[in-house]
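Below is one structure, written out as C-alpha cells, with a few remarks after it.
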C-alpha cells in the first residue's frame, strides 16, 4: 500500500482548507434553505396552496445543495487520501464508515429536495399533491441535517487540509 | 386514490409524477451498483486515473460513479414516467413508493455502518 504522506499531490489539495471553509458556509446555507423549504411546504400543505416563500425556497434549497455537493466532490479526493487512508482507516474505521453514510445521506437529500422543487415549481396543487411535496422536502431536510451533523463531527476529528 | 379537479395530464401532475419516479430511480440506481458489486466509474486520487471497476482498492473512490449511476437511473425513470402521461396520478401510492425506495437505501447503508462497528 502507498504511504499516504508519501503519495503525490492530490487534486485540489492546495486549496483544500479554503474549500473546506466555503463547504462549511454553504453547508449552513443548505441546512437553512432546506429547512425553510420543508417548513413552507408543510404550511402550504396545511393550507392546500403554495406561497411565494415556498416558490422562493424551492429555488434556493436545491441550488445550495447542488453547490454543496460540487464542493464536496472537489474535497473528496483530498479527504480520501489524507484523512481516510492516512488516518481514519487505521485509527477510527467506524468514523470512516460514518462519513460514508454522510455521503449517501447527502446524495439522497439532494434527490429528494430537487424532486420537491420540481413539483413545486411546476405548480403541484391540491391537498394530496402539496402533501407529497411536503413529504419529499421534509425527508430531504432531515437527511441534510443528519449529513451536516456527521460532517461537523468528522471535520472536528480530522479536518481536510489539516496536519 | 386520485385527487384534484384538474386533468390527469396537467403540467403539475406530469412534473410530480416525473419527480416521484425520479426519486425512486435515483434511490434504486444508487443502491444497486454497490449492493450487487456492479462495475462503476472509479477515480484513483493517487494515480490520477479513472477506471471501471467493481472492487475499488486503497484510496480509489467509487462515489462519483455511484452518483452517475443514480443520476442516469433517475433520468431514465423520469423519462419513463412520461409514458404514463394521461393516466390519473395516484399521489399517495407514488409518494410512498418513492420514500420507501429511499428508506431501503438508508436501511442498507445503516446496516453496513452497524456491521462495521462489530
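No lab work stands behind these numbers, since they all come straight from the coordinates. Just so you know, these numbers come straight off a predicted model, no measurement behind them. Glycine also receives a Cβ, built like all others from the backbone with ideal geometry; neighbour counts cover every protein chain displayed.
Springs between Cα atoms under 10 Å define the GNM used for chain A, and in it the highest mean-square fluctuation of A:64, A:134, A:122 occurs at A:122.
Taking every alpha-carbon pair in the protein assembly as shown and binning the separations at 5 Å intervals from zero gives 1, 6, 12, 16, 17, 16, 12, 8, 6, 4, 2, 1, 0, 0 percent.
By the count of other C-beta atoms within 10 Å, a proxy for reagent exposure, B:64, A:40 are ordered fewest to most as B:64, A:40. Between residue A:157 and residue B:104, the distance separating the two model label sites (each 7 Å from Cα on the Cα→Cβ line) works out to 3.0 nm.
Placing pseudo-labels 7 Å out from each Cα toward the beta carbon at residue A:28 and residue A:49 gives an inter-label distance of 3.5 nm. Taking all Cα pairs closer than 8 Å and separated by 6 or more residues, the relative contact order of chain B comes to 39 percent.
Mean per-residue shielding of peptide A:127-140 is 5, counting Cβ atoms of other chains within 10 Å of each Cβ.
Over all pairs of different C-alpha atoms, the stretch B:11-117 has a mean inverse distance whose reciprocal, the Kirkwood radius, equals 15.2 Å. Note on residue A:91 and residue B:76: the model spin-label points, each 7 Å out from Cα along the C-beta direction, lie 4.3 nm apart. Most tightly packed first, judged by the mean number of other beta-carbon atoms within 10 Å of their residues, the peptides B:16-22, B:56-62 read B:16-22, B:56-62. Here is how the number arises for chain A: DSSP H runs of 4 or more residues each give -39500 (n - 2.57), the sum is divided by the residue count, and the result at 222 nm is -26500 deg cm²/dmol.
Legend: mean number of C-beta atoms from other chains within 10 angstrom of residue C-beta atoms, peptide B:13-24, equals 6.
In a fully extended conformation the segment linking residue B:96 and residue B:111 would gain 3.2 nm over its present Cα-Cα distance, using 0.36 nm per residue. The ranking of B:71, B:101 from fewest to most other beta carbons within 10 Å of each one's beta carbon is B:71, B:101. The sum of -39500 (n - 2.57) across all DSSP H runs of n ≥ 4, divided by the residue count of chain B, sets its helix-only mean residue ellipticity at 222 nm to -21000 deg cm²/dmol.
Between the stretch A:27-84 and the stretch B:14-65, the C-alpha centres lie 21 angstrom from each other. Of all the options A:144, A:11, A:26, the one that moves most in a Gaussian network model of chain A with Cα springs shorter than 10 angstrom is A:11. Provide, in order from the shortest bin, the percent of all Cα-Cα pairs of chain A in each 10 Å bin, continuing until the bin that contains the maximum pair distance. With 10 Å bins starting at 0, P(r) equals 11, 36, 26, 16, 8, 2.
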